[in-house]
1. Looking only at residues in the stretch 1-34 that are assigned to a helix (DSSP H, G or I) and free of Cβ contacts under 8 Å to residues at least 12 places away in the same chain, which one is surrounded by the fewest Cβ atoms within 10 Å (Cβ to Cβ)?
2. What do you reckon, is residue 43 in contact with a helix residue (DSSP H, G or I) (Cβ under 8 Å, 6 or more places away or on another chain), within 25 Å of residue 27 (Cα to Cα), buried (at least 22 other Cβ atoms within 10 Å of the Cβ) and at pLDDT 90 or above?
3. Is it the case that residue 39 is under 22 Å from residue 79 (Cβ atoms), in contact (Cβ under 8 Å) with a residue 12 or more places away in the chain and not in a loop (DSSP other than H, G, I, E, B)?
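The values are calculated or read from the model by the stated rules, or taken from the named source; none is laboratory data. Everything numeric here is computed off the predicted structure, so don't read it as measured data. Here the Cβ positions follow ideal geometry from the backbone for every residue, glycine too, while neighbour counts run over all protein chains shown.
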């Protein structure tokens with residue numbers, strides 16, 4: 001339980017950064033999706049089940065606080081956490097370069113899953129919009145990895161996000 005409270009704190013910090021700092025750093029109207037980065041990294045490090053749970057939790061937190069694209073983005077993030085978690089089981093998770101590549105590819109996965117699930121929630125998105133936005137978003141998300149990966153990885157392996165089996169977890 002403590003682990004997911006700490007993850008919620010990471011999520012709140014990410015949402016504050018997204019809505020303040022990165023709002024002024026947008027490029028072509030596109031800003032990084034820090035919640036998606038956290039979901040991808042958590043799924044890579046912890047596997048599909050925990051990645052999907054973290055995506056459900058962080059995506060729900062984002063939907064609750066920002067109240068936009070509640071269904072489609074949330075579902076796409078959960079499926080992305082699941083897929084990245086499964087893909088991460090075959091990769092060397094402790095490598096920084098693997099994290100960079102997985103975030104780059106994971107952002108493309110997320111965008112295409114979002115495009116495919118949006119009609120379920122009555123959102124209409126044109127594929128050329130996805131094609132024009134996703135490369136910039138993927139590069140932007142990947143550029144933030146050096147700032148996020150090391151503290152997040154350290155927290156997952158040796159810090160407050162590590163998995164413990166004590167009485168208070």
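1. 24
2. No.
3. Yes; evaluated as a whole, the condition is true for this residue.
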